[in-house]
Every structure is written in structure tokens, then in C-alpha cells.
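The values are calculated or read from the model by the stated rules, or taken from the named source; none is laboratory data. Just so it is clear, the model here is predicted, and its values are computed rather than measured. Here the Cβ is made from the backbone with ideal geometry for all residues, glycine too, and neighbour counts use every protein chain on show. The area values use the complete protein model at the heavy-atom level, side chains included, leaving out ligands, DNA and RNA. Shrake-Rupley method; radii C 1.70, N 1.55, O 1.52, S 1.80 Å.
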Amino acid sequence: NWFYLTAFRGTLSLIMVGTARHKSIGGIPLVFSSNIFLFFYLPTVLALYYLTPRRYRNTLLFLVNLVFYGWGEPVFLLLMLFSILSNYAYGLLIQRYRRQVRAKRMVLVASVVVNLGLLGFFKYADFIAGMMQVVFPFLRTVPLPAIPLPIGISFYVFQTMSYTIDVYRGDAPV
């Protein structure tokens, strides 16, 4: 399993995200139990965290977590950034339309559709394509897409989607 550091109300925590892959940058895996993580990455992050002024600590953790996530599968970093930035944009739109109930609700619905669409595509595209080949035999000549499942996609999609829902409810600031 792999973990990431997070700060919530001043508490530094390790959160388990999912199963680590052994692909890595430069051939050195960055998994929770690896020497590079334990003796280089974690101490460096902890030192930076405690040396960083409080108001910049979340930004630091955001950046070092992107490095950690990107270490295993750099291509999926773009997917995670899309999820983060799109949900932040949805949050801004919800804030903009906070007094227009219908518009605010439409933004929330768009956010949920995009998030679940993203999750559904990566989790079920191969399954649906395979079922289409069973139902429509003429599609059997078309190869299955073999879309890899990004590490922790369910976790970060639901986390970013919950942010947008919290903004909609007024439980979280933008």
C-alpha cells in the first residue's frame, strides 16, 4: 500500500491511498516501505513541512504529493491535476452563482457528471467494450482498449467531488 501526507487543522497525517505500482522514475520505486521513501523522501518532506511557514504548508504538501503520485505513473498526474483543477473551477462557479439556486445546482450536476464519467471511463471502459463484443459479434475484430486503471482514482475523484458538494452546501470555502 502507499500513503500520502496531509495536513488537516494543523495535524500532519499519513493517509493510505491504494496499492503501489512498481514502475518508477529512474527505476527506483517510491513505495511506502522502500529505502528511498523512508530515508530520503519522508525525512525531506517532514523537514520541509516543519521549516515552512504555516500558511504555506498545505501548498507544500500539495506539491510533494504530486511528486509522490507522479513518481509511480507520471502520465496519470495530468488526470489528477485535471480532476483537482476542474473541481476547483466548479467550486468557483458555485460561489459565483450562490444566490441563483438553479444555476448553482446545474454547476453541481455538471461536476458530478464529469467526475463520475471520469471514474466510470477508467474503471469500466474495458468491461463495457468486452460486453459490446459479446452482444455484437461483428465488434470482435476490434481490439479491446486495455485502459490502465490510475492509482487511487476512486479516492481522489470522490475527494475532489466532495469538495465541490461541500462548497455547494456552504460547508467549505472556495
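For residue 109 and residue 52, compute 0.36 nm times the residue count separating them, minus their Cα-Cα distance, and round to one decimal in nm.
Working: separation 57, 0.36 × 57 = 20.52 nm, distance 3.77 nm.
Stretched out fully, the residue 109 to residue 52 stretch lengthens by 16.7 nm.
Taking every alpha-carbon pair under 8 Å whose residues sit at least 6 apart, the stretch 32-137 reaches a relative contact order of 12 percent. Heavy-atom accessible surface of the stretch 31-111, averaged per residue, reaches 63 Å², computed with a 1.4 Å probe.
Which value results when the Cα radius of gyration for the stretch 43-174 is divided by 2.2 N^0.38 Å? List each step's numbers first, then the result.
Details: Rg = 18.9 Å, N = 132, 2.2 N^0.38 = 14.1 Å.
Taking the Cα Rg and dividing by 2.2 N^0.38 Å, one obtains 1.35.
Take residue 132: with every protein chain present and a 1.4 Å probe, its accessible area is about 80 Å².
Length gained on full extension, residue 82 to residue 133: 15.3 nm, using 0.36 nm per residue less the C-alpha separation.
Expressed as a whole percent, the accessible surface of the stretch 28-86 that belongs to carbon and sulfur atoms is 76, based on a 1.4 Å probe. About its Cα centre, the dipole of the stretch 79-144 is roughly 540 debye, where the only charges are +1 on Lys and Arg Cβ and -1 on Asp and Glu Cβ.
To put it simply, the accessible area of the stretch 103-174 at a 1.4 Å probe is 72 percent carbon and sulfur.
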